[in-house]
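Shown next, in structure tokens, is the structure this report addresses.
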Amino acid sequence: MLTPCEDCGHELWSEVREVGAFRLVVHFDDDKRSGTYAEHAPSCPGCGARLDRGLTMPDPLSHPPGHG
């Protein structure tokens, strides 16, 4: 999904990735004029703001064991 940087508006693409039982939101540079276009961006290429905030646990009530 297209997600502009909250601090400077730089164009970013965000995806939710799953690593085992964890979910991670990762960001990619979506500004075609940028030198890092389409590369993973743990921080904003425009202003340096931290983007990848780490892993989150899934809600255990949303997928009870065995009902997945």
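The values are calculated or read from the model by the stated rules, or taken from the named source; none is laboratory data. The shown structure was predicted, so the numbers you read here are calculated from the model rather than taken from an experiment. Positions of Cβ are generated from backbone atoms using ideal geometry, with glycine treated the same way; all protein chains shown enter the neighbour counts.
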For this session: Go through Gly54, Gly66, Gly46 for me and flag whichever is at pLDDT 85 or above and small (Gly, Ala, Ser).
Result: Gly46
Exercise. How many residues does segment 14-25 contain that are exposed (fewer than 15 other Cβ atoms within 10 Å of the Cβ) and in contact with a strand residue (DSSP E or B) (Cβ under 6 Å, 6 or more places away or on another chain)?
Worked result: 6
Exercise. Only one of (1) at pLDDT 95 or above; (2) surrounded by fewer than 14 Cβ atoms within 10 Å (Cβ to Cβ); (3) not basic (Lys, Arg) is not met by Glu6, so which one is it?
Worked result: (1)
